[in-house]
Each structure stands twice: as structure tokens, then as C-alpha cells.
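The values are calculated or read from the model by the stated rules, or taken from the named source; none is laboratory data. Predicted model, so just to flag it, every value in this text is computed and none were measured. Because the Cβ atoms are built from the backbone with ideal geometry, glycine has one as well, and the counts that use them run over all protein chains shown. Keep in mind that these areas ignore ligands, DNA and RNA; they rest on the heavy atoms of the full protein, side chains included. Shrake-Rupley method; radii C 1.70, N 1.55, O 1.52, S 1.80 Å.
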There are 2 protein chains.
Amino acid sequence: MQYPEPIAKLIDSYMHLPGIGRKTAVRLAYFTVNMDKTDIANFAEALTETKDKLRYCSICGNLTDEDPCEICQDPTRDQSKILVVEQPKDIMVMERMKDYHGLYHVLGGVLSPIDGKGPDELNVRSLIKRLQANEAVNEVIIATNATPEGEATAMYLSKLIKPAGIKVTRLAHGLSVGSDIEYADEMTLFKAVQGRTEI
Amino acid sequence: MQYPEPIAKLIDSYMHLPGIGRKTAVRLAYFTVNMDKTDIANFAEALTETKDKLRYCSICGNLTDEDPCEICQDPTRDQSKILVVEQPKDIMVMERMKDYHGLYHVLGGVLSPIDGKGPDELNVRSLIKRLQANEAVNEVIIATNATPEGEATAMYLSKLIKPAGIKVTRLAHGLSVGSDIEYADEMTLFKAVQGRTEI
């Protein structure tokens, strides 16, 4: 016996999502069948709306339902700093910290020759234009991930921007707060020692 | 900054699913934004179709898009056996084994006084009616889960059905295939010893 067709389709859709294998997809599909009709309708609507209503901010590349996005529109934000992230979701992670009040720029990825991602595939040109047009910016903080590609992208951007006399900084590397030295990898420990601060 | 509304709605919907917390929901929502438009449309359609097209089989209680379901309609299945499961998805698990060719009956849960689930909340009446109407049935195999509630439900059904002269059996308990005795709990080991077979 096969799954009834509507369930088979739903299992297939759930399996398209990252980190969801066949077993979880089956569980989610059968769960969905017992969900409230309104909840399902909301879910379906939310799915279609993501594509219809969301666009990328024409200034910073963030995902937004209004252009320019909330942050680019906000005159109370510190216009002298731009923090560069890989993905739109990284902005929300930084915002949750509640300590950074500057602007953002979303690269949309990192330099990765193996995936055919060069500077032209990222929002690098728009960043440079932004820096040229806006003299208020005096610091670009690079917050790409601590991966080899993220590091390489940070170095590339630094070389590109520094000559214009703008300060380029990078997020600090070191031990996670609450973590145990025993479990830290060598690279992290090395960076933690290199970046030690006086107390 | 808040999440753009369409994303916030989608995160909320994903969080309704079992086993999906806030972080995973955020990851899934941002993944969805980058999904193919057709894939998203299919997903949304599959969601709404589950409620619109699926019903419970009027004979066995299985989820189906046609009534009676595929299995109840199939004359090649062994009409003398009914395997009783808790949920529709359990049928697919049994079918994957490819060794059982009889019929099924879905209880829709187990007896659980604490959750207010008595025999009237389960498909017990329809099972009894089925047994009365169909003299071909000579065995009812109870495949409720190996939980205290599943056991109690099995005992209850056995007491109800046996007096009619129908054989009532229960799935064997024992070690999982490929498992290590060292990690088996005492109850499982006890059941495995009790149910030992000659080789």
C-alpha cells in the first residue's frame, strides 16, 4: 500500500526542508492532518506570502517587506558604522544582542571559487557604492562566519575598503562564553590566546 | 528590529510543528524564502489538500483519499486477520515490513483515563461491529505500542473479543534486532527471556 496521495505530497514537501529526513517528514505530515484547519490555512498562506511579499532591501540587501528596510530607514541608527554579514538571518542574530546600533550590509554569501562565487555574485559592489556615497561611514565591521571562506572574504573586503581610509574590523575569535577549555579546538584556543585581554 | 511580518508568520507556523523549536523554525523560514516558487506552491497546496481530501475510512479508520480505503477494498488481502494499531501511520510501518497481508483497524489512540480517553473515544465499537458482521475473521492481532497504555488497551480488547471465540494475539516483545544486550532495559530483557524460542 502507498501513502494516500495528499499525504505523500506533503511528506515530499517536508523532505525538501533542510535537516528533515523521511521519518521526520512522515511524522510531520501525519501531525499536520490533525492540525486545526485555521492553523493549516495560516501556514499555507505564510508560505506563499514569503515569496510574494518579501524582497531584498535595495540599500543593504536585507530581506524586508518594505524597501528600504526598517533599519536603513531608521534615522536614529548610528550612520557611521556598517556591519557586514553573510545572510539576512545574521542581522536578526546581531539585533538580538541589542548592543549594536549601526547599519548592516548583507553579502548574500561568501567568496567561494569552488561554488563559482566571486565578488560579482555577492553584494560587494553595492557596499562599495554605499561607502563612496556616504561619507559619514568611518568603520566597516566584518561579521562573516569563522569559516575559511568567511575569513577569506573578510580579508578581501578589508583590502578593498582600507585604501579609502575607512577602518575595517573583524569580530573577535575566542572561547564561547560558558564553554570548557577542554573541549575547545586548537584553532579557537590559539585565537583566544592571541586575542587575550588584560583584566 | 522585528522579523519582517511574512517571515514572522512563517516562523510561527513552523513552530506549531512537533519537535521544531524557535531556532529551527527561523532556519526553516529563511530556507523557505530561497526555495523555488513552484516548490513553495506545491507545499502550500499539499498542506491545504490534507484537510480537504483526506478522510477516515468508514470501515477501518485509516486515513485515506477514497472511502473505503485501498486495503479494505482489496479482495486479495487475507480477510481472516485484523491487525489493530493505534494510529493510521502505524499501518504504513507494518506495510513496509511486507509480510502481513491481512486487514487493519485503527483505534485512533489508546485507553488513557488521565486524558479522558475511554473505549467510546476510540474506534472500539466499529471493531466489534466488524467482527460481528464478518465471520471470516479468526484472528485479531493487537499491535498497540509497548507502553503501559498500549498494554492496557491490548488487555481490554482481548477480554472483549476472546469470548466470541476469536483468537487474539499480541506482537512479541524482546530485543531489537541488531541491539546490544548491555543496553537493553530490564523489562525488555525480562520479556525477551520469557518469550525465548527454541533454535
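Before moving on, here are some points about what is shown:
- The test for being open to solvent by 10 Å² or more (accessible area, probe 1.4 Å) and more than 16 Å from the chain's Cα centre (by Cα) holds for residue B:70.
- Within the range A:9-22, tally of residues that are under 25 Å from residue A:90 (Cβ atoms), open to solvent by less than 30 Å² (accessible area, probe 1.4 Å) and within 7 Å of another protein chain (Cβ to nearest Cβ): 1
- Put simply, of A:44, A:25, A:29 the only residue that is open to solvent by less than 80 Å² (accessible area, probe 1.4 Å), small (Gly, Ala, Ser) and facing another protein chain (nearest Cβ under 7 Å) is A:44.
- Wholly enclosed helices (runs of 4 or more DSSP H) of the range B:19-122 bearing at least 1 residues outside the structural domain of residue B:138 (by TED's automatic domain parsing) and farther than 23 Å from residue A:11 by Cβ: B:22-33
- Residue that is under 24 Å from residue B:89 (Cβ atoms) and either open to solvent by 50 Å² or more (accessible area, probe 1.4 Å) or in contact (Cβ under 8 Å) with a residue 60 or more places away in the chain (or both), where the choices are B:126, B:158: B:126
- Exactly one residue out of A:53, A:81 is within 30 Å of residue A:127 (Cβ to Cβ), at pLDDT below 90 and under 20 Å from the mean Cα position of the chain (by Cα): that is A:53.
- Looking only at the range A:144-164, and only at residues there that are hydroxyl-bearing (Ser, Thr, Tyr) and part of a loop (DSSP other than H, G, I, E, B), the one that is farthest from residue A:112 (Cα to Cα): A:144
- Which numbered condition residue A:59 fails, given (1) in contact with a Ser or Thr (Cβ under 9 Å, 6 or more places away or on another chain); (2) free of Cβ contacts under 8 Å to residues at least 24 places away in the same chain: (2)
- Residue that is least open to solvent (accessible area, probe 1.4 Å), among those in the range A:47-56 that are more than 7 Å from chain B (Cβ to nearest Cβ) and either touching a residue at least 60 places away in the same chain (Cβ under 8 Å) or not basic (Lys, Arg) (or both): A:52
Quick grid of which residues meet (1) under 30 Å from residue A:171 (Cα atoms); (2) not hydrophobic (A, V, I, L, M, F, W, C):
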{"position": "A:3", "(1), (2)": "no, yes"}
{"position": "A:15", "(1), (2)": "no, no"}
{"position": "A:24", "(1), (2)": "no, yes"}
{"position": "A:50", "(1), (2)": "no, yes"}
{"position": "A:89", "(1), (2)": "yes, yes"}
{"position": "A:96", "(1), (2)": "yes, yes"}
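- Total residues in the range A:92-107, condition modelled with pLDDT of 90 or more and buried (at least 17 other Cβ atoms within 10 Å of the Cβ): 6
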